[in-house]
Amino acid sequence: MRLRCDFYSESLGIGTAMTVLLPQSADGQIGLAATTRERTPVLYLLHGLSDDDTIWTRRTSIERYASSLGLAVVMPQVGRSFYCDEVHGNRYWTFLSEELPALVNSSFNVSSCREDTFVAGLSMGGYGAFKWALRQPWRFAAAAALSGSLDIAKPEREHALPDLFRTIWGEGRRPANTDDDLLTLMARAEIADLPALWVGCGTEDFLLPDTHRFLHAAHERGVHVTHELPPGGHEWSLWDEQIRRVLHWLPLQP
């Protein structure tokens, strides 16, 4: 079952949207395996810089993959915010980390238990997924980043997106060494509290150096990260395959 939900956000002060996939027991559907569970697990699946909440269902087979696992999928819309509370914009981090899960848990029959809750995303969404998991590790059993922008603090990223950086962090301010810097969050993390982590990136992807730096930071802390670095670029053909692999990697309860 796929729903496009339009609603008002208190955090943002505007109307926004999310796309939600809910497992449905429907044995009569040809070519679609369906599973339902007594306690429905939920995956928060985050979009990239140029996308919106509909992109995963338009570019991948996420609906088919999730149906066979009895998994609900929540895909919020956050613009080009890098999942941050913007200095000159809206409070997208507050929306994501506080308002959205409360709304989902009150609106849909999904589990709110940590062992049933997961987060993943691609590119900017991979960054958002790991930031959420590292800042609120008590919320998730597992987190995954696909071609993630995992080193937002490096100067090259700001030089490529100067106007966006000013909107999000303000004139002359930088995300380095703050709670928006994944490498800083990893250095501060309580290792025993972290969820399981998965990283994927194509070997021809321009964000591959970010992946290597994050993996190095995790290795330095003694944090195990499952990682797959197959051939491929920053492209949906790779992400469609990798999100399927992520779903089967998730520690779903029997």
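Since every read-out is calculated from the coordinates, none of them should be taken as a lab result. Being a predicted model, the structure only gives us computed values, none of them experimental. In this analysis, Cβ positions are derived from the backbone assuming ideal geometry, glycine residues included, and neighbour counts consider all displayed protein chains.
Footprinting exposure proxy ranking of 111, 67, 61, fewest other C-beta atoms within 10 angstrom first, gives 61, 111, 67. For the range 175-191 and the range 92-137, what is the centre-to-centre distance using only Cα atoms, to the nearest Å? What the calculation gives is 18 Å, centre to centre. Take the Cβ atoms of residue 244 and residue 173, set R0 to 30 Å, and the FRET efficiency comes out at 0.20. Going from the fewest other Cβ atoms within 10 Å to the most, the residues 68, 106 appear in the order 106, 68.
Packing order of peptides 228-239, 177-188, 45-56, highest average first: 45-56, 177-188, 228-239 (average count of other Cβ atoms within 10 Å over each peptide's residues).
Contour minus end-to-end for residue 188 and residue 226, with contour as 0.36 nm per residue of separation and end-to-end as the Cα-Cα distance?
Extra length from residue 188 to residue 226 when fully extended: 11.7 nm.
When 116, 210, 85, 6 are arranged by Cβ crowding within 10 Å, least crowded first, meaning fewest neighbours, the order is 6, 85, 116, 210. Distance between the pseudo-spin-label points of residue 236 and residue 24 (7 Å out from Cα toward the beta carbon): 2.2 nm.
At R0 = 22 Å, how high is the FRET efficiency between residue 2 and residue 94 if r is their beta carbon distance? Nearest 0.05 is fine. Let's see the in-between values first.
Details: r = 27 Å, r/R0 = 1.22.
Plugging the Cβ-Cβ distance into 1/(1 + (r/R0)^6) gives 0.25.
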